[in-house]
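Inspection log for the structure reproduced underneath, given as structure tokens.
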Amino acid sequence: MNELEMKGTLRAIKDLALTDLNKRIDFMQATHAGDHITPTHTSPNGIVRPKSFFMKKATVQERQGNVVGVVGWGGKTGLKANYVNVPGYTPISKQDEARIIQLAVKEATFKVVSADDEHGGKFLLITGVPAPYAGFSYGVGKALPVEVHYTVVVLRANHKILSVYPADQNYIDGVGGGFVG
């Protein structure tokens, strides 16, 4: 795809009514099965392999040792778990994933890169990960996921949304040049 075709397709997608955009998102979610909603994905041979995934920033409860307090019924004192609220992350839902796509498509600053394939013109819409979400990726040779700061939405020239996933700077640098809008 050339820059003019990508700009035209992106303009058409940006101008879609929210209901039409949501229909395209629903179709994408039905066909790609939420690969980037959970931290792991099961490959056909049953091996769980890591992928990039989104999470939602939230306040979560964490157990931090024990405290002396009333345990159970009857007013007896003893050791009980000490839970405190800390900043953390929770899994996202399909609705959260849809919101990430909506925000990415409507985002003002982005990079678009052609990624044509044998099925026709497609391109990558690259923007930041919107708040209150966070993207994580295992990266090459990483045992634990690290937070990444880009959202990639894969779009086809026929206005079809193919996928959405978080990516790191190395991935973005590797996809090549494009235009910035």
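Per-structure values
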{"read-out": "Check on Val105, in a strand (DSSP E or B), touching a helix residue (DSSP H, G or I) at 6+ places or on another chain (Cβ under 7 Å) and open to solvent by less than 20 Å² (accessible area, probe 1.4 Å)", "value": "no"}
{"read-out": "Leading residue by the ranking (modelled with the lowest pLDDT) among those in region 1-33 that are loosely packed, with under 12 Cβ neighbours inside 10 Å and either in contact with a strand residue (DSSP E or B) (Cβ under 9 Å, 6 or more places away or on another chain) or among the hydrophobic types (A, V, I, L, M, F, W, C) (or both)", "value": "Ala33"}
{"read-out": "Check on Gly128, open to solvent by 20 Å² or more (accessible area, probe 1.4 Å), in contact with a helix residue (DSSP H, G or I) (Cβ under 9 Å, 6 or more places away or on another chain) and over 19 Å from Leu162 (Cβ atoms)", "value": "yes"}
{"read-out": "Test: residue in region 66-88 that is modelled with pLDDT of 90 or more, surrounded by 12 or more Cβ atoms within 10 Å (Cβ to Cβ) and within 23 Å of the chain's Cα centre (by Cα)", "value": "yes"}
{"read-out": "Count - residues of region 148-181 that are among the charged types (D, E, K, R), over 21 Å from Asp20 (Cβ atoms) and either open to solvent by 60 Å² or more (accessible area, probe 1.4 Å) or out of contact with any strand residue (DSSP E or B) (no Cβ under 6 Å at 6 or more places or on another chain) (or both)", "value": "1"}
{"read-out": "Test set (1) closer than 25 Å to Asp168 by Cβ; (2) at pLDDT 75 or above; (3) open to solvent by 60 Å² or more (accessible area, probe 1.4 Å) - His36 fails condition number", "value": "(3)"}
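The values are calculated or read from the model by the stated rules, or taken from the named source; none is laboratory data. Here the structure is a predicted model, which means the values were calculated and not measured. Don't worry about glycine lacking a Cβ; one is built from the backbone with ideal geometry, like all the others, and counts go over all protein chains shown. To get the accessible areas, we keep the full protein, side chains included, count just its heavy atoms, and leave off ligands, DNA and RNA. Shrake-Rupley method; radii C 1.70, N 1.55, O 1.52, S 1.80 Å.
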